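Values quoted throughout were computed directly from the atomic coordinates according to the rules given, and no laboratory measurement underlies them. Just so it is clear, the model here is predicted, and its values are computed rather than measured. All Cβ positions, even for glycine, are placed from backbone atoms using ideal geometry, and neighbour counts span all protein chains on display.
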Amino acid sequence: MTDSPVQPGAPGSAPAPLEEPTEPREPLPPKDASDGPAAVSPTGRPWGGDPATRSQDGAFLTTAGGVPLRDTDHSLKAGRRGPTLLQDHHLREKITHFDHERIPERVVHARGAAAHGRFESYGTAARLTCAQFLQPDVTTPVFVRFSTVVGSRGSADTVRDTRGFATKFYTAEGTFDLVGNNIPVFFIQDAIKFPDVVHAVKPHPDVEIPQAQSAHDTFWDFVSLHTEAQHHTIWNMSDRGIPRSYRTMEGFGVHTFRLVADDGTTSLVKFHWKPKLGVHSLTWEEAQLAAGTDPDFHRRDLALAIEHGAHPQWELGVQVFPDTEDQVFEGIDLLDPTKLVPEELAPVQPIGLLTLDRNPRNYFAETEQVAFHVGHLVRGIDVTDDPLLQGRLFSYLDTQLSRLGGPNFTQLPINRPHAPVNDMLRDGMHQTADHIGVAPYKPNTLDGGCPFHAGADLAFIDVPARVADGVKERAQPASYDDHFSQVRMFWRSLTPVEQAHTAQAYTFELGKCFEQAIKERQLQALAHVDAGLCATVAAGLGLPAPAPTVEVPDAAPSPTLSQVGERWPVDGRVVGLVADPTTDLDVLVAVRDALDAAGVLPLVVAPTGGPLDPARPDVVAQRTWLTAASPEFDALVLLGAAAPAPDARPSFDAKAGGPGADVDPRVVLLVQQAYRHAKSVAAVPAAAGVLAAAGVDPQAPGVLVGDDVSTIAETLLAQLALHRAWERFPATAV
Ligand code: HDE
């Protein structure tokens, strides 16, 4: 025993206490830094580069062990034309590491994009919760990851799907994760159904198609049978399923949470993120085009906006409900995650501001390795008995074990709490901490009783909430049985044009199914939502519209659920300035400056790359007629006649033959699509022929012909604030 490193009572060690200490003592002295010696070259000069980040700014290539290398392009061979030697330790290290570069992608939400930022608390929630980060004037660093749900890591951004909106707050009291979606309700009421709904929406298991789509038999088979999914499904079929940008999405905590104030009083809340730029969507055709022309549409949009200083912002708000024993508000069961509470009944009260202002440095290290967990809660915020949330409390920890390879994922830099960590969790795969002390257990005397339990003023609060009386059973309350009233409420809250889009989405998705019985069953479900919706979809499918078989209680519409009708800031909107060699560059520059001053991003779209006029290096093409794609632009300004450029491809020529032949076919296509998607199009008189070739009615709402720069800028900005010229959509009455 004499060579044991720590001997109670030995000279130089802390005196051995006879009983378990009751007071915290001074912490143990820190060990020497285990970083190893400073990085120096064999010549004694520093290498440069940061050894901790292993970045690429060091002077020389080394092995993982830091040995400088002279050649990484040739294997070590027995003769120039001979076999490669097993001895080549550099080859083996390089290839072995490469072989293991991938980790399992997330089973859901595999494709994502993320950013760093800050959360500034207004302090308005201080009366509801003692959570430190929600007190007045507290700013907390955050990392937010947005995602699609269904597709795999390499799928497209603009598919019709729910979007994840997960926020990690690195608070001074520990990490709080708000792991939400852009849709306020969920497909299922009980976590035990999650594998079912996910298996149904994922590609068919035999041939693994379709990728990132719900438009197939297994999804509609499930949701038409499991009708509690109908509410979430109608949100997906509405324009909410195809957001314009992550920056223009709402976020929802979905479940009801419980807040605890300093005096112990509790309230029930639902969390909402409200984007400062408003809630906007793509059209279905835009979403499909973008999935082909730019599968990274949302990822790019977020990264570019942040890089250009258009930092997206969301207000965090709460709907607050009394913590009554039944946990029901205005007849709505707060523990049922398929129900929302209309904002007209419980307004969203703002409690803080989120700003995203920094892109990740390394996608894998941050966006891929970030691990969210609904059980990452802080003092003052607790969960409720929502059976979906209860199951999630298990799943998020469990999934990281296979995804990140063991239980030490909170030690990864992106997951590291910003609060001191004093746990007694030890060892395991990928352990990087060098724990000090000999007694990772409680009670102990050998580490002076450390770590001590925190006092009531510091510790996480498990609210002593009453557990409902009852027997142990696999069942749910009767209030969960209403699957249609809020679906109807959502449908009735939409404007006619939004209803038309939703009906088209159902028709498209069911039109992709093969089984007649599935289509008929979903039509039956729609009959319970609205007879008009059911009839429109049935007509599109060429099937009879069934009559409802159950009575669905009516719910008043909730106008806040519509995305149409308000004016929003235009920051970060993108306008294409379509120019050619005949364009008056002074007009172009004046329009560009006016838009730029309003926070809009004008991009010059020219026949080729480079300057339009060698004498004007201030006007350079950012897109060419070949690379421009209409989904990228929120509006167009046509600044020239767009005569066909020599590289216009024959296939385009053929399509645009006839009346438009004197306009470049790629420009015609760009304008046609923008017009069809109800975007604003302004044209100087010299470009009137482009409008004609594209079939644009110069009198249509959102179309302007003229050369007065301030009128062009003002009209465009006013239109952009509305998102689209909604009147241009053929809103067939449904
Ligand atoms: Fe998730 N979910 N989920 N989910 N979820 C995951 O965790 C799960 C649910 C949400 O950007 C997984 O780390 C179950 C609702 C987001 O990293 C996994 C149930 C809501 C993200 C998991 C749900 C969400 C996830 C996969 C039903 C909105 C991405 C990888 C009980 C409130 C987070 C991972 C990120 C990710 C399980 C339902 C949102 C498997 C069992 C409801 C935003 O643990």
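What the table shows:
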item	result
Exposure proxy ranking, count of Cβ atoms within 10 Å, fewest first, for R416, R592	R416, R592
Additional length obtainable on full extension of the chain from D584 to L425, 0.36 nm per residue less Cα span	50.3 nm
Relative intensity, log₁₀ I(q)/I(0), of the chain from a Debye sum that treats every alpha carbon as a point, q = 0.07, 0.08, 0.09 Å⁻¹	-0.62, -0.79, -0.97
Dipole of the chain, positive end: most advanced residue of V570, A629, F321 [Cβ charges, Cα centre]	A629
Quarter of Cα convex hull surface for segment 112-258, i.e. mean projection, nm²	10.0
Nitroxide proxy distance, nm - points 7 Å out along Cα→Cβ at F514 and T84	4.3
Translational diffusion of segment 574-728, µm² s⁻¹ [Kirkwood Rh, Cα pairs; Stokes-Einstein; 25 °C; 0.890 mPa s]	162
Theoretical FRET efficiency, 1/(1+(r/R0)^6), r = Cβ-Cβ of T72 and E285, R0 45 Å, to 0.05	0.40
Length gained when the stretch L458-I209 is fully extended (0.36 nm per residue, less Cα-Cα span)	84.5 nm
Segment E344-L225, extension gain: residue separation times 0.36 nm, minus the distance between their alpha carbons	39.7 nm
Net dipole in debye of the chain [+1 Lys, Arg Cβ; -1 Asp, Glu Cβ; about Cα centre; nearest 20]	1660
DSSP loop GluC sites (Glu not before Pro) with at most 13 other Cβ within 10 Å excluded, longest remaining stretch of the chain	567-734
Cα-Cα pairs of segment 484-561 separated by more than 14 Å (percent)	59
Distance (nanometres) between label positions extended 7 Å along Cα→Cβ at A721 and R567	0.2
Cα-based shape type of segment 179-259, given that a ≥ b ≥ c are square roots of the gyration tensor eigenvalues and the cut on a/c is 1.5	oblate
At R0 = 51 Å, FRET efficiency that the Cβ-Cβ distance of F98 and Y441 yields, to 0.05	0.80
Between helix 496-511 and the chain: long-axis angle, C-alpha atoms, 0 to 90°, nearest 10	80
Whole-Å distance, taken between Cα centres, linking segment 338-417 and segment 661-716	45
Fewest-first sequence of M424, M429, M249 by Cβ atoms within 10 Å of each Cβ	M429, M424, M249
Three-way shape label, segment 133-415, alpha-carbon gyration tensor, a/c 1.5	rounded
The chain: antiparallel DSSP beta bridges as a percent of all, rounded to 5	75
Sequence-distant lysines (8 or more away, or on other chains) whose Cα lies within less than 18 Å of K274	K168
Förster-model FRET efficiency, 41 Å R0, T711 and F394, C-beta, rounded to 0.05	0.10
Given charges at beta-carbon only (K, R positive; D, E negative), |dipole| of segment 133-415 in Debye	900
